[in-house]
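Engineer: Take this structure first; my questions come after.
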Amino acid sequence: MPFYNWDNVEVQAISDRVSRLIVGGEEVMMAMYKAKAGARAEPHQHDYEQIFCVLSGAWRFRVGDEERVIRAGDVVHIPSNVEHVGEVLEDVVAVGAIRQRAIDTHMA
């Protein structure tokens, strides 16, 4: 099926503060994340890159040695094998593109 609407995609609870919806193809997937203020991903790294775009809210990220608060319209690119950490400062809705089968659950 080539067309989707987020309203018809199953919500997956990652924790009591984070949920996601995923649409996946053969090589790439798009995920919508909804996270409550206070949700946090501890420092970690993995062998795939990620790209996130914030649609609403505020999310503090550290990628490598660089830290920034990203808000609606901001995009963060997390390269492969680079340590990163994130903390939701204001309830966030974000979309991300990730290599298929690279799902993780670092946010709690």
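Engineer: Of all the residues that make up region 60-74, how many are surrounded by 13 or more Cβ atoms within 10 Å (Cβ to Cβ) and part of a strand (DSSP E or B)?
Structural biologist: Looking only at that region, the number is 7.
Engineer: Consider Phe3 against the criteria (1) of a type outside the set (S, T, N, Q); (2) loosely packed, with under 12 Cβ neighbours inside 10 Å; (3) not in a loop (DSSP other than H, G, I, E, B): it satisfies all of them except one. Which criterion is unmet?
Structural biologist: It fails just one condition, (3).
Engineer: Looking only at residues in region 29-56 that are touching a Gly at 6+ places or on another chain (Cβ under 9 Å) and farther than 24 Å from Tyr4 by Cα, which one is modelled with the lowest pLDDT?
Structural biologist: The selected residue is Ala41.
Engineer: Is there any pair with a first residue in region 1-12 that is touching a residue at least 24 places away in the same chain (Cβ under 8 Å) and a second that is of a type outside the set (D, E, K, R) whose Cβ atoms are under 8 Å apart and which are 6 or more apart or on different chains, and what are they?
Structural biologist: Trp6/Leu21; Trp6/Met32
Engineer: Okay, moving on. Hey, Ala37 hits all of (1) assigned to a loop (DSSP other than H, G, I, E, B); (2) without any contact (Cβ under 8 Å) to a residue 24 or more places away in the chain but one; which does it fall short on?
Structural biologist: (2)
Engineer: In addition: Is it the case that region 57-78 has a residue that's among the small types (Gly, Ala, Ser), modelled with pLDDT of 95 or more, closer than 30 Å to Met1 by Cβ and in contact with a Ser or Thr (Cβ under 6 Å, 6 or more places away or on another chain)?
Structural biologist: Checked region 57-78: at least one residue is among the small types (Gly, Ala, Ser), modelled with pLDDT of 95 or more, closer than 30 Å to Met1 by Cβ and in contact with a Ser or Thr (Cβ under 6 Å, 6 or more places away or on another chain).
Engineer: To continue, here is another question. Being in a strand (DSSP E or B) and in contact (Cβ under 8 Å) with a residue 40 or more places away in the chain is the filter here, so list the residues in region 13-34 that pass it.
Structural biologist: Scanning region 13-34 gives Val18, Ile22, Gly24, Val28, Met29, Met30, Ala31, Met32, Tyr33, Lys34.
Engineer: For region 25-80, what are the residues that are aromatic (Phe, Trp, Tyr) and closer than 19 Å to Val92 by Cα?
Structural biologist: The answer is Tyr33, Phe52, Trp59, Phe61.
Engineer: On to the next question. Please go through (1) out of contact with any His (no Cβ under 6 Å at 6 or more places or on another chain); (2) over 13 Å from Ile98 (Cβ atoms) for Gly24 and return the number of the only condition it doesn't satisfy.
Structural biologist: With respect to (1) out of contact with any His (no Cβ under 6 Å at 6 or more places or on another chain); (2) over 13 Å from Ile98 (Cβ atoms), Gly24 is out only on (2).
The values are calculated or read from the model by the stated rules, or taken from the named source; none is laboratory data. Owing to the predicted nature of the structure, the values given are computational and were not obtained by experimental measurement. Glycine gets a Cβ as well: all are built from the backbone with ideal geometry, and neighbour counts include every protein chain shown.
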